[in-house]
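The values are calculated or read from the model by the stated rules, or taken from the named source; none is laboratory data. Remember, predicted model here, so these are calculated numbers, not experimental data. Note: ideal-geometry Cβ built from the backbone for every residue, glycine included; neighbour counts use all protein chains shown. Protein only, heavy atoms only, side chains kept; ligands, DNA and RNA dropped before computing areas. Shrake-Rupley method; radii C 1.70, N 1.55, O 1.52, S 1.80 Å.
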Amino acid sequence: MNRSAVLLIGGLAAAECSVRQAPPSYDLVVANGHVMDPQSGLDGVRHIGIRGGTIEAVSATPLAGSRVIDASHLVVAPGFIDLHEHGQQEESYRMMVRDGVTSAFELEVGTADVPAWYAAREGGQIVNYGVSVGHIPVRMKVLGDPGKGLMPAGIGGSGRADEAQLQQMEAMLRDGLAQGAVAMGFGTAYTPGASMSEIEQMFRVAAAGGVSAHIHLRGGLQGLQETLAAAARAHVPLHIVHVNSSADADIDAFLTMINAARDAGQDVTTEAYPYGAGMTEIQSALFDDWKTWPDEKFGLHQLVSTGERLTRATFETARAAGGTVIIHGRTEEQTRKAIASPLAMIASDGYIEHGRGHPRTSGTFAKVLGKYVRDEHVVPLMDALRRMSLEPARRLERRTPAMLKKGRIKEGVDADLTIFDPLTVIDRATYEDAAIPSAGIPFVVIGGQVVVDGGNVTTARPGQAIRAPSVAR
Ligand SMILES: [Zn+2]
């Protein structure tokens, strides 16, 4: 019996019906879980009633449902929202969802063709997905870069843009926003030919479109200062991606400078992933100076396809061939400082293909919850959950109202839930085998459907496109 029928009968014959009425039955009930909602501060045992993809009840008393998940001794959190995920395909989604991710965004690199990007994923994915329009791919198109991967391999990175090319970039970025991109992506580390005035010009397009600019910046602390200044002049909300790897040994100074900008009223946020190594394409501009390196530096580089550490000779061969490389070198103390900062959202920067990639794809969120929250007490649990769910939702919700219904647990929001055991949750993926799923996350619910059930990925594909409303140009 549905609710309106119950109300109707109840109104006609209240006394008679009150004894016969069945309790409202939900599609799915998550019972007895320790519900933690970073927005309201709710931190206690509740029963969650879900119907039609929506949380309809958060109750202190038991609820009845077609299916009941017993979440006794488990934490029930808003599904994790990853703002930095390059692996936008089934293989990566399978790893991420077992790490608790329910919405995955590619915002740093983004795409030059927003409608095609969404069209390629239509019909239901494991998790929800969304994309930015990206300055990097737009620049590669306009300047005619030869690169076949995500990153420029030539003129798209190193070339200078003339006035006509700048106007073409502006038009393509504006189109992408009109077509529903949720943000604008930048990577000045990959586009050394792009002047800061070019970047500021594109920041203004993002500001006019009401979206945040997500940037992998170049040039360390000075680069941060220049980027903050350009963003302030353009009045664009700024998001510094992976502060841990952009800062390296300067992590204290980076966080201090970002905090100072926030204190001065600038809209700037950041993110971090909990690993001491990075990963990128070996043909990218990050390695343009490789011939000047001392011999010992090559050994910090690990080829993803084979797992081997490189030498000067093998690096040269690998750079000519292309592919991805893991870059070791940050200390555990640097990583811990980035993760401990209340400023940093948790974002994976993940990518995996044919079982090869970086362990951050598979283990970022469980590693923060297991190692940094439980084992090392570096981050309070509620604060970690805030930085995994509520804050990423807030970053996007001004331009993308769909995000107002994510990152929270309350009546009326989307039923995206990550249910984990705080005593056992942990990452297991390694640099040698990045495709080992995290442990201790027995259930993940997306749009009211159980996508991880007893630790296994089900056949449900409830993941939907998350787009900003299209606007006429
Ligand atoms: Zn990235």
Accessible surface of the range 250-334 [probe 1.4 Å, protein heavy atoms]: carbon and sulfur percent:
51 percent
Students often get this wrong: which residues of the range 416-442 have the backbone nitrogen under 18 Å from the point 7 angstrom along Cα-to-C-beta of residue 91?
429-438
Residue 395 accessible area, assembled protein chains, probe 1.4 Å, Å²
30 Å²
Taking N as the number of residues in the range 294-383, what is its Cα Rg relative to 2.2 N^0.38 Å?
1.32
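Please state, rounded to one decimal and in Å, the Kirkwood hydrodynamic radius that the range 214-277 gives when every pair of distinct Cα atoms enters the mean of 1/r.
Result for the range 214-277 stands at 11.7 Å.
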Quick P(r) readout (the range 183-231; Cα-Cα; 5 Å bins; whole %) gives 5, 22, 36, 26, 10, 1
Can you tally the net charge around residue 143? Count Lys and Arg as +1, Asp and Glu as -1, for every other residue whose Cβ sits under 13 Å from the Cβ of residue 143.
0
Using a simple charge model, +1 on the beta-carbon of Lys and Arg, -1 on the beta-carbon of Asp and Glu, nothing else, what dipole does the chain show about its Cα centre, in debye to the nearest 20?
860 debye
The range 170-289: relative contact order from alpha carbon pairs under 8 Å, six or more residues apart, as a whole percent, is 24 percent
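How big is the Rg/Rh ratio for the range 70-195, C-alpha atoms only, Rh by Kirkwood, two decimals? Write down the numbers at each step before the final one.
Values: Rg = 17.0 Å, Rh = 15.7 Å.
Radius of gyration over Kirkwood radius for the range 70-195 works out to 1.08.
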Residue 262 versus residue 383, label points 7 Å from Cα toward the beta carbon: distance in nm?
1.1 nm
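Can you tell me, using C-alpha contacts under 8 Å and at least 6 residues apart, the relative contact order of the range 199-358 as a whole percent? Please list the in-between numbers first.
Values: 238 pairs, mean separation 37.6, N = 160.
In percent, rounded to a whole number, it is 24.
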Using a 7 Å offset from the Cα along the Cα-to-Cβ direction at both residue 306 and residue 333, what is the distance between the two label points in nm, to one decimal?
3.6 nm
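What percentage of the solvent-accessible surface of the range 76-184, computed with a 1.4 Å probe over protein heavy atoms, is contributed by carbon and sulfur atoms? Write out the running numbers ahead of the final one.
On the way: 1560 of 3200 Å².
Answer for the range 76-184: carbon and sulfur cover 49 percent of the accessible area.
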When the helices in the chain are scored as -39500 (n - 2.57) per DSSP H run of 4 or longer and the sum is shared across all residues, what 222 nm value do you end up with, to the nearest 500 deg cm²/dmol?
-9000 deg cm²/dmol
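How high is the relative contact order of the chain, in percent, counting Cα pairs under 8 Å that sit 6 or more residues apart?
On the way: 1149 pairs, mean separation 96.6, N = 473.
Value for the chain: 20 percent.
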Would you mind checking the radius of gyration and Dmax of the chain based on alpha-carbon positions, in Å?
23.1, 87
Can you give the Rg and Dmax of the range 245-347 based on its C-alpha atoms, in angstrom?
16.2, 50
At 0.890 mPa s and 25 °C, plugging the Kirkwood radius over alpha-carbon pairs of the range 168-274 into Stokes-Einstein gives what diffusion coefficient in µm²/s?
177 µm²/s
I want the local charge near residue 247. Using Cβ-Cβ distances under 10 Å, sum +1 for each Lys or Arg and -1 for each Asp or Glu among the other residues.
-1
Per residue, how many Å² of accessible area does the range 330-465 show with a 1.4 Å probe?
35 Å²
Let me know the longest stretch in the chain that avoids all GluC sites (Glu not before Pro) found in a DSSP loop with at most 10 other C-beta atoms within 10 Å.
123-431
On the full set of protein chains, 1.4 Å probe, figure out the accessible area of residue 470 and give it in Å² to the nearest 10.
80 Å²
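Taking a quarter of the surface of the Cα convex hull of the range 354-397, what do you get in nm²?
For the range 354-397, averaging the hull's shadow over all directions gives 4.1 nm².
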Heavy-atom accessible area per residue - the range 86-234, 1.4 Å, Å²:
31 Å²
Which of the lysines could a cross-linker span from residue 291 if the Cα-Cα distance has to be under 29 Å and same-chain partners fewer than 8 positions apart are dropped?
141, 148
Using a 1.4 Å probe on heavy atoms of the protein chains only, the accessible area for residue 297 in Å², nearest 10, reads 80 Å²
What the Cα atoms of the range 377-445 span along the principal axes, largest first and in whole Å, is 40, 26, 24
Residue 73-residue 229 pseudo-label distance in nm [points 7 Å out on the Cα-to-Cβ vector]:
5.8 nm
